[in-house]
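K.L.:
The structure under discussion is supplied below as structure tokens; questions concerning it will follow.
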Amino acid sequence: MSIDTEELTTCPARITLDASQLAFFDGLPSAAPSLQSELGCELEHGHEGSHAALGQQVEATMWWLQWTLSASEINPYTWCPAQQAPGTQSRNDNDCTLFDGHLGRHSSATTYWSADQAA
Ligand SMILES: [Zn+2]
Ligand SMILES: [Zn+2]
């Protein structure tokens, strides 16, 4: 298995949460102390489909804000199951940090990699 070592380039899109979105995240039973009112897309530069930023994580559920030029919505997801080092028991920095079913390449803290390179 080879890891794509292409330079990490994240989509530059950003979104400012509106009052109802902030209120929604505020109402989640999350231990996260502070929610940023502006979030940046966490997908790969040039990705297809909606932009996506992780708003809050509540236990196994990740609430992602997804948006296009004309609309935005908050959707619950679980973690993308892809790992760069398959077989490891717990999540680590090499696991995909995106949501299950995302478009484009998988993303970790250090790199992007293609699905056909993962197990
Ligand atoms: Zn984006
Ligand atoms: Zn992934």
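K.L.:
On full extension of the chain, what length is gained from residue 68 through residue 26, given 0.36 nm per residue of separation minus the C-alpha to C-alpha distance?
P.N.:
12.8 nm
K.L.:
About the Cα centre of region 14-117, what is the dipole size in debye to 20, counting +1 per Lys and Arg Cβ and -1 per Asp and Glu Cβ, all else neutral? The partial results should precede the final answer.
P.N.:
Working: 3 positive and 12 negative charges, 18 e Å.
Computed charge dipole of region 14-117: roughly 80 debye.
K.L.:
Please list, ordered by chain and number, the residues whose modelled amide H lies under 5 Å from the amide H of residue 99; skip anything fewer than 5 residues away on the same chain.
P.N.:
Answer set, sorted by chain and number: 80.
K.L.:
A follow-up question, please. Suppose the chain between residue 58 and residue 78 were pulled fully straight at 0.36 nm per residue; how much longer would it get relative to their current alpha carbon spacing? Walk me through the numbers before you get to the answer.
P.N.:
Values: separation 20, 0.36 × 20 = 7.20 nm, distance 1.02 nm.
Additional length available on full extension: 6.2 nm.
K.L.:
Next up: Based on the alpha carbon coordinates of region 14-117, what radius of gyration and maximum Cα-Cα distance (Dmax) apply, in Å?
P.N.:
14.1, 42
Computed from the coordinates by the stated procedures, all read-outs in this text should not be read as laboratory data. Only a predicted model underlies this, so the values are computations on that prediction, with no experimental measurement involved. Cβ sites come from the backbone with ideal geometry, for glycine too, and all protein chains shown count toward neighbours.
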